[in-house]
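Chemist: This is the structure, below, for whatever I ask next.
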Amino acid sequence: MFADSMNKGHNSGTPVRRLNLHVIAIVILCNLTAHSHAAEQLIVSIAPTWNSTQGTLQRYEKSGSAWQPVGKPWPVLYGRSGLAWGSGLYGQDEDGLHKKERDGRAPAGIFKIGKIYTYDNALPVGADYPFHTVTAADVWPDDITHPDYNRHVTIDLKNPPPWYAKQRMRLRDFAYHWLVEIRHNSDPPVPGKGSAIFFHIRRGPAKPSAGCTTMAESDLITLIRWLRANANPRYVLMPAAEYEQRKAALKLP
């Protein structure tokens, strides 16, 4: 999306680099504030460093031109290897380490929020967001050779494909009771850049994930009840130093 604006000079500190960052900031702001697609809900998670497995999450809502915090921050866990730049509204063209399949890192950047996937037939009371009830027919391929890599697919259970058993979504796993899709590497998916990234229930207070952002179930339910599709929610995940360097240009809270 930003490839044409990211042709860098030989020195990353040159005016060319600073100009490119300015151009990217303008493009991101258009995604966040365009009239018919304005982001009015923002989920911001800050990690201490690139290799951190724990951080905090804070919700924000737009009030005029300013972001106002909603509630108090709560603890979250990231990938067992920390973070790496992901692919979404922002991140894929940044210098540094980038997310790869099975690298154990959570994607950093700015991302759209997709559907909620659940084992239940309804969302928690008070929630109002697009969702899908997961059944035995649901698959989410993480095989980089699969034509539907990093896409949700439903199959015909009467005639399942040979790859079905390895690619189906898990059932009856408490950590996956609620999955909120973080749209990393989704538009379109690029094989090998990482798949199946969600907010979901943590497996323990100090047990990191394979690349998702996880939290206590009560906090995840609070997040689900707060989300509204017409508010075009976005997720921002960055290490503290990267966030501080970019927040003014991107008009983040």
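Just so it is clear, none of the values below were taken in a lab; they were calculated from the coordinates. This is a predicted model, so every value here is computed, not measured. Here Cβ is always computed from backbone atoms with ideal geometry, including for glycine, and neighbour counts include all displayed protein chains.
Chemist: Using +1 on the beta carbon of Lys and Arg, -1 on that of Asp and Glu, and nothing else charged, what's the dipole of segment 110-248 about the Cα centre, debye to 20?
Modeler: In total the dipole reaches around 120 debye.
Chemist: Related question: Filter the cross-link list LYS72/LYS193; LYS72/LYS100; LYS100/LYS251; LYS72/LYS99; LYS115/LYS166 down to pairs whose alpha-carbon distance in this structure exceeds 26 Å.
Modeler: Among LYS72/LYS193; LYS72/LYS100; LYS100/LYS251; LYS72/LYS99; LYS115/LYS166, the Cα-Cα distance tops 26 Å for LYS72/LYS193; LYS72/LYS100; LYS100/LYS251; LYS72/LYS99.
Chemist: Another question, then. How large is ³J(HN,Hα), in whole Hz, for each residue of segment 185-195 in order, when computed from phi with the Karplus curve 6.51 cos²θ - 1.76 cosθ + 1.60 and θ = phi - 60°, using x for Gly and Pro?
Modeler: Using θ = phi - 60°, the values come out as 6, 10, 10, x, x, 10, x, x, 8, x, 9 Hz.
Chemist: Continuing with the same structure: Can you tell me, using C-alpha contacts under 8 Å and at least 6 residues apart, the relative contact order of segment 28-179 as a whole percent?
Modeler: Computed over segment 28-179, the figure is 14 percent.
Chemist: Which whole-angstrom value gives the distance between the alpha carbon centres of segment 53-70 and segment 94-122?
Modeler: Cα centroid to Cα centroid, the span is 19 Å.
Chemist: If you don't mind, there's one more thing I want to ask. Picking from HIS132, TYR164, VAL180, whose Cα lies most toward the positive end of the charge dipole for segment 131-239 (charges on Cβ: Lys, Arg +1; Asp, Glu -1)?
Modeler: Among HIS132, TYR164, VAL180, the one farthest towards the positive end of the dipole of segment 131-239 is VAL180.
Chemist: May I ask you to list the residues of segment 152-176 whose amide nitrogen lies under 19 Å from a point 7 Å from Cα along the Cα→beta-carbon direction of THR145?
Modeler: Residues 161-168 fall inside that zone.
Chemist: Give me P(r) over segment 3-250, computed from all C-alpha to C-alpha distances, binned every 5 Å, as integer percentages.
Modeler: Going from the shortest bin to the longest, the percentages are 1, 6, 13, 18, 19, 18, 12, 7, 4, 2, 1, 0, 0.
Chemist: For the pair LYS207 and GLN245, how long in nm is the line joining their label points, each one 7 Å along Cα→Cβ?
Modeler: 3.5 nm
Chemist: What list of ³J(HN,Hα) couplings, whole Hz, do you get for segment 196-211 from phi and the Karplus terms 6.51, -1.76, 1.60, once you set θ to phi - 60° and write x for glycine and proline?
Modeler: 6, 9, 9, 7, 8, 5, 6, 8, x, x, 10, 9, x, 9, 8, x
Chemist: Let me ask something else. Given +1 on the Cβ of Lys and Arg, -1 on the Cβ of Asp and Glu, and no further charges, what dipole in debye does segment 146-189 carry about its Cα centre, rounded to the nearest 20?
Modeler: 180 debye
Chemist: Excluding residues on the same chain fewer than 8 positions from LYS247, give the lysines whose Cα lies under 17 Å from its Cα.
Modeler: LYS247 reaches LYS62.
Chemist: Turning to a different aspect of this structure: Multiplying the sequence separation of VAL125 and THR154 by 0.36 nm and subtracting their Cα-Cα distance, what value in nm do you get?
Modeler: Answer, rounded to one decimal: 7.8 nm.
Chemist: Moving on. How big is the Kirkwood radius of segment 118-253, worked out from every pair of different alpha carbons and given in Å to one decimal?
Modeler: Here the Kirkwood hydrodynamic radius works out to 16.8 Å.
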